[in-house]
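Nothing in this text is a laboratory measurement; each read-out follows from the coordinates by a stated rule. These numbers come from a predicted model, not from an experiment. Cβ: placed from backbone, ideal geometry, glycine included. Neighbour counts: every protein chain shown.
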Amino acid sequence: MIEAAGLSHSYKMGERPLQVLHGLSFKIGAGEMVAIQGPSGSGKSTLMYLLGCLQKVQEGKLRVNGTDVSALDDAQLARFRNHSLGFVFQQFHLLARGTVLENILLPSFYPVESAAPGKAEKSRAVALATQLGLGDRLDHLPNQLSGGQQQRVAIARALINDPPLILADEPTGNLDSQSSAQILDLLRSLQREGRTILIITHDPEVAARCDRVLHVRDGKLTDAPSGPEAISPHSKKEERKMPGARRPLPLIAWLRLMLRQMPLAWDSLNRNRARSALTMLGITIGIAAVLSMVTLGQFTKRKILESYADLGINNLTFEGYPNWRLKATDAVTVPFRFFSWEKDVVPLPRIFPQIKAISPALHSWGLKLTFAGKTMDKDNMMAMGVNENVLPTFNRTLEVGRSFSSYHIANASPVCLVGRDIATELLANTIPLGQILKVEMNNKTLACRVIGVLKHAGSKSEWFKPDLQVLMPYTYFRSYVDNYWSSEIHNVNIQLQPGSDVEKVGSGIRAFFERKYGKAGHFSVNTDSVLVSQMKKFLSLFSLLLTVIALVSLGVGGMGITNMMLVSVSERLREIGLRKALGASPASIRTLFLTEAILICSLGGGIGILLGFGTYHLAIYGATKLVPKLEFAWTMDWSALGLSVASIALVGVLSGLFPALKAEKLEVIEAIRSE
Ligand code: ADP
Ligand code: MG
């Protein structure tokens, strides 16, 4: 059952290691009941921790139940302890908050990766408890039991997985003589059932009741044959394959681990309700802040940009002229002089689906208007040739009358729309619609009938005065100008779909023509959207700032979780140590604490989402009371919700990670012996 060869062990004590065991070699056969006896401080417990795989073998060979345990890693050792070893400690080491039944069942909970304890395990636990005289104490807590009863619970726990080897460290040390005798009888009966029993004791009377005694003094065996001849260095026995050699944990298995330990996590949060609630509050506030700040940031940005839409932020003008600096050496495949309506402009909406409407913009300065003997020729007056899309593409609206129809364009009808100032100055005392104006430009004279008056429009420019313009169908306009500059299309006005990226489309169109004509033409884009795009940048920055502040408050909440979990780890050192001793793998300890962190974060976060939802609706409602134009609407910003949910997961994992790793790394012995 046990073969030890040259076992040594030393504890790190500052600079110098303290050697406690000095090359022990011995064998214990299957089915023996052996005592290891020695005075206090001789190294008995240390030896038992080695034999019980609770401590790594530092030096020497150790084979337990046919397995070379010095070659196993932590996870494999945990499994090995779980199914091959049963422990009985001097201090009983029961879970203080678990009932007798739960304590007995504890080892069958592990490894968590396999099935949870079912009916079979439960009835076996009840049977064991009854056999040990605890049948009517199943629902009691350890502090409601006598020492002898507690130790019997510990023995039942050691037997639940039916291990071949029972290790008992001073099992009677804390008991009166009557209970001691009972416990020893119990261990003897277990040996008769075929188990190997190893009892560690300083008490010669206890030792006398065993089949054989190994005496330890100052870390050496005093009686047993020692030295390498005691054991063949290599056992002839087949090396037993360890079940469940460690595989990397895939996500699914990891989730299953967490799910299995959810009740445990819930229990421990429930145990400290006030503490858990306060920690949760931090996350609730953080998540509520993230959800409402991000949503409000986006909402404000959208509303402000919408209010800019009437300023023509969706319009752009585009112009193209021949390239005057063309060199003789520049290769030109297609010459460019002006845009062809059919070949250049009409295909654009198919290439740029954001385009909603296009109008040519031919123009001629030096205009003179005559009506009813009165003449008007101001400096900045201008005639323009446009099409039926003039109003949206020039971002203009009518005061009276109607705009051009496609019939006017196709037939070069002699009609016009006039600017606000022309209507007041020239047509002052008449109804303007239907009046015929005499138009002189480029030394030619034509007539047009007024069909509409344009509303006032401002301009930042010194010379471009929208209120001093006369607009005509471009087909009519061009037939009265003979110079190529004014009669061909060099400028087009474009209106885009609402919400389009004006600058992007503009540079796209420019690139399109530059590819088409190469060096032959010179193309440029103008938009009024510079101001708006700056505003957009500012608003984005503003909502980013809000988001960052919210995330910082969430981070503080996350630190609250880390803090609570760290306290929880140090409060539960003994529990962690015990769980590890009974077979909890490092991964399951890590996920236990991660689960706790994620659970508390999800609960807090869930409430936070509801709170945030309420908060920003309240804020929007408040804003509608202050800004009359604003109307209340139920809003759900999916990106904000997504960010909140992602933050919950991230904060849960991050805040739990450090405590979880700390718990995982705990040495079993240190943890179990801590106060
Ligand atoms: P026993 O169980 O026979 O009383 P132990 O195995 O508990 O003896 O301890 C043997 C020696 O090792 C003692 O001198 C003790 O002080 C020392 N020792 C035990 N545990 C540690 C430890 N974690 N760090 C340092 N020294 C230790
Ligand atoms: Mg001891």
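Loop-only check: which GluC sites (Glu not before Pro) in the stretch 361-457 are DSSP coil with at most 13 other Cβ within 10 angstrom? Sparse-neighbourhood loop GluC sites (Glu not before Pro): none present. For the chain, the list of Cys residues with no other Cys C-beta under 4.7 Å reads Cys53, Cys210, Cys601.
Averaging 1/r across all pairs of distinct Cα atoms in the stretch 552-645 and inverting the result yields a Kirkwood radius of 16.6 Å. Counting Cα-Cα pairs of the stretch 258-305 in 10 Å increments starting at 0 gives whole-percent bin shares of 23, 27, 24, 16, 10, 1.
When the inverse distances between all different Cα atoms of the stretch 66-127 are averaged and flipped, the Kirkwood radius reads 13.3 angstrom. Of the trypsin sites (Lys or Arg not before Pro) in the stretch 287-369, the ones in a loop by DSSP (not H, G, I, E or B) with at most 10 other beta carbons within 10 Å are Arg325, Lys327. Averaging the sequence gap over all C-alpha pairs within less than 8 Å and six or more residues apart, then dividing by the number of residues, gives the chain a relative contact order of 18 percent. Checking every one of the trypsin sites (Lys or Arg not before Pro) in the stretch 617-664 against DSSP loop status and a limit of 14 other Cβ atoms within 10 Å picks out Lys629.
Cα-Cα pairs above 21 Å in the stretch 89-179: how many percent? The calculated P(r) of the stretch 89-179 puts 27 percent of pairs beyond 21 Å.
For the stretch 474-541, the share of alpha carbon pairs falling in successive 10 Å distance bins from zero is 16, 34, 31, 15, 4, 0 percent.
A dipole drawn for the stretch 301-397 from +1 and -1 charges on Cβ atoms has a positive end, and of Asn395, Thr375, Asn323 the residue lying farthest that way is Asn395.
If the only charges are +1 at each Lys and Arg Cβ and -1 at each Asp and Glu Cβ, what is the size of the charge dipole of the chain around the Cα centre, to the nearest 20 debye? I would put it at about 960 debye. With bins 20 Å wide beginning at 0, the percent of Cα pairs of the chain falling in each bin runs 14, 28, 17, 14, 15, 10, 2. Of the residues Ile436, Leu641, Ser570, the one whose Cα sits farthest toward the positive end of the charge dipole of the chain, with +1 on the Cβ of Lys and Arg and -1 on the Cβ of Asp and Glu, is Ile436.
Here, the stretch 151-211 is characterised by an Rg to Rh ratio of 0.92, where Rg is the alpha-carbon radius of gyration and Rh the Kirkwood radius. Measuring against 23 Å, Cα to Cα, the residue pairs Lys303/Lys625; Lys455/Lys625; Lys536/Lys629; Lys27/Lys56 contain Lys455/Lys625 as the ones spanning a longer distance.
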